[in-house]
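Quick notes on the structure that follows.
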Amino acid sequence: MATDPSFLKRLGQPLISISEQYLAFKRRCSGTVKIINNDKTVQWEGTIRPTALSRQYHIVIRYTLSKCPVCVVKGPCLSKLAEGRQIPHIYQNQTGIKGTQLCLYLPVVKKKNRVSEWQPTMYLVDTILPWASIWLFYFEIWISSDTWFGGGIEHDAVEDSRR
């Protein structure tokens with residue numbers, strides 16, 4: 001199996017610290033950012049709007065060292081917008097943050113020898129935040145078309161929520 005050259009390049013890069021993630025959010029994003037959990041977690045909370053015609057979404061991005069980052073949409077309620085339909089590419093939310101946890105990238109899948117698309121050498125403001133905006137863009141299209149155009153791999157929401 002061939003390895004993606006960009007993945008190999010990222011392996012040689014240093015891990016980005018919680019304080020560096022914090023400063024990147026502080027410098028580049030409006031909203032609230034804080035370091036919690038004995039300096040092991042950074043959490044940003046703010047609003048994003050996928051397009052000029054989109055509604056605003058209140059989201060939380062949380063990243064703890066040695067864990068995958070999570071993104072939760074706190075409002076508006078995506079389930080209400082979906083009007084009873086099962087929303088594609090979400091996780092069963094076990095974060096403690098009220099809202100819908102989005103599936104933004106392929107996580108580590110040990111059974112299938114897959115490496116996560118997100119790595120701790122990446123800034124959250126350059127990856128998770130824009131990926132959330134893109135996900136919400138496709139969600140808005142899905143609401144009106146009932147077809148998910150955002151790609152991705154089908155997964156079991158319960159199994160994958162333990163990330």
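Descriptive notes on the structure:
- The count of lysine pairs in region 29-136 whose Cα atoms are under 26 Å apart, excluding pairs fewer than 8 places apart on the same chain, comes to 13.
- Here the alpha carbons of region 24-80 define both size measures, Rg and Dmax, at 12.7, 40 Å.
- Where labels lie 7 Å past Cα in the beta-carbon direction, separation of GLU20 and GLN56 in nm: 3.2 nm
- Stretching the chain fully between ARG85 and THR121 yields a gain of 9.3 nm (0.36 nm per residue, less the alpha carbon separation).
- The slack in the chain from THR147 to LYS74, taken as 0.36 nm per residue of separation less the alpha-carbon distance, amounts to 24.0 nm.
Here, each number is a calculation from the coordinates, and none is a lab measurement. Everything numeric here is computed off the predicted structure, so don't read it as measured data. Because the Cβ atoms are built from the backbone with ideal geometry, glycine has one as well, and the counts that use them run over all protein chains shown.
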